[in-house]
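Please read the structure below before turning to the comments.
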Amino acid sequence: MKRVISLLSTSCLLVAMNLASVGQVNAKDRIVFAGGPAGGTFQVVANAIQTYKPVKDMQDISVKAQSSAGSVENLRKVNAGKADFGVVYSGHVYLGLNGRMKNDPNKYENVLAVGYLYGAPAQLVTRKGSGIKSVKDLEGKKVGVGNAGSGAFANCELFFTHMGVWDKIERNAMGYNDAAAAFGNNQLDAFWLFTAFPSGAVIMAAQTNDIEMVDLGADATASGFYDQYPYFSKLKVPAGTYKGVDQDVPSFQDSALWVANKDVSADVVYNLLSTIYTDEGLEYMRGQKKTFKEMSVASGTNGIVTPLHPGAEKFWREKGILQ
């Protein structure tokens, strides 16, 4: 009887060892991808990469999207290794690397760029005939500057401070739609946005007023803004984007980047890029949100002014984007 029990125990042990062995073979490394608030574009990026079937079918990794407060939190999470990947504005990567984050002297040196996702352009809306042709003309005016705590507000403060007008305007911290409504009711002289175009808020404003858009590019160039903040890149809001705006309007944008912790395997980064930056992968991403129409191999390193992850460097070099 004891021998039978012994044989059964041995058999059970062998079965358990075999099951454990199978589990080890099939185990995937969990890769955390930090996105943003629910419903926001950052979170759409993380969710889209997590749910893309060729990514789900990868043998070695399992990507898990994780919500967050956004760019700054993602910078800190990725730097600390609490997230493997994340979406972070190029500006925050640059400022963090150089210890220039507002009220934060720490250097975030473990965050490396993977690729460009999309741009967030600055837009400043005024009424036609207002005489506001430059940011400096806003002195004494009522201006919507974005929600307090938002990237729009932070970049408005940054640019307007650089231009010497932040403390000379009547600031109204509010979201884009609220600003458009207040503008329509003549409660604001102008309002600022930092988002992809066309913006629904500007479209709404153009329905109730004849609008103009301020040439922010001229102000940025003449003031040395790009020298001080090299992560901003030049662009133009094309003529016809908004009703009544019939000429291209120069401006600047920050870039939303896919970033990785420096200790993430180069193979993991390379393989994910090789999966997402295919015709099928890019079509899938664009189907998740129109904002991703800018994603392409050709634009893959746009807006990046900080070091690339080795896996990304290998990928973009093979694609001929890096020399």
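The values are calculated or read from the model by the stated rules, or taken from the named source; none is laboratory data. From a predicted model like this one, the values you see are computed outputs, not experimental measurements. Neighbour counts are summed over all protein chains in view; Cβ atoms, including those assigned to glycine, are modelled from backbone coordinates with ideal geometry.
Looking at the range 53-64, I want the residues that are assigned by TED's automatic domain parsing to the domain that holds Val269 and more than 11 Å from Arg30 (Cα to Cα) and have a partner that is surrounded by 14 or more Cβ atoms within 10 Å (Cβ to Cβ) and among the hydroxyl-bearing types (Ser, Thr, Tyr) with Cβ atoms under 6 Å, at least 6 apart or on another chain. Which pairs are those? These pairs meet every condition: Pro54/Thr275; Val55/Thr275.
All conditions in (1) among the aliphatic types (A, V, I, L, M); (2) within 30 Å of Tyr277 (Cβ to Cβ); (3) at pLDDT below 95 hold for Leu112, with the sole exception of (3). Any residue that is in the same structural domain as Ser134 (by TED's automatic domain parsing), hydroxyl-bearing (Ser, Thr, Tyr) and more than 27 Å from Val78 (Cα to Cα) - is there at least one of those in the range 228-240? So far as the range 228-240 goes, no, none of its residues is in the same structural domain as Ser134 (by TED's automatic domain parsing), hydroxyl-bearing (Ser, Thr, Tyr) and more than 27 Å from Val78 (Cα to Cα). Check whether at least one residue in the range 198-216 is surrounded by fewer than 22 Cβ atoms within 10 Å (Cβ to Cβ), at pLDDT 95 or above, part of a helix (DSSP H, G or I) and in contact with a Ser or Thr (Cβ under 8 Å, 6 or more places away or on another chain), and report yes or no. Among the residues of the range 198-216, not one is surrounded by fewer than 22 Cβ atoms within 10 Å (Cβ to Cβ), at pLDDT 95 or above, part of a helix (DSSP H, G or I) and in contact with a Ser or Thr (Cβ under 8 Å, 6 or more places away or on another chain), which makes the answer no. Taking the residues in the range 217-246 that are modelled with pLDDT under 95 and of a type in the set (S, T, N, Q) as candidates, determine which candidate is farthest from the chain's Cα centre (by Cα). Filtering first and then ranking leaves Thr241.
Counting only strands (runs of 3 or more DSSP E) wholly contained in the range 73-156, the ones carrying 3 or more residues that are in contact with an Asp or Glu (Cβ under 9 Å, 6 or more places away or on another chain) occupy 111-127, 142-144. Within the range 219-269, being within 30 Å of Asp29 (Cβ to Cβ) and not aliphatic (A, V, I, L, M) holds for Ser255, Trp258, Asn261, Lys262, Asp263, Ser265, Asp267.
Residues in the range 254-292 that are at pLDDT below 95 and either in contact with a strand residue (DSSP E or B) (Cβ under 8 Å, 6 or more places away or on another chain) or of a type in the set (A, V, I, L, M) (or both): Asp254, Ser255, Ala256, Thr291, Phe292. I'd like to check something: does the range 33-48 contain any residue that is under 21 Å from Ile304 (Cα atoms), small (Gly, Ala, Ser) and touching a residue at least 60 places away in the same chain (Cβ under 8 Å)? No, that holds for no residue. Residue pairs whose Cβ atoms lie under 8 Å apart, separated by 6 or more positions or on different chains, with the first residue in the range 270-290 and without any contact (Cβ under 8 Å) to a residue 12 or more places away in the chain and the second surrounded by fewer than 13 Cβ atoms within 10 Å (Cβ to Cβ) and basic (Lys, Arg), are Arg286/Lys293.
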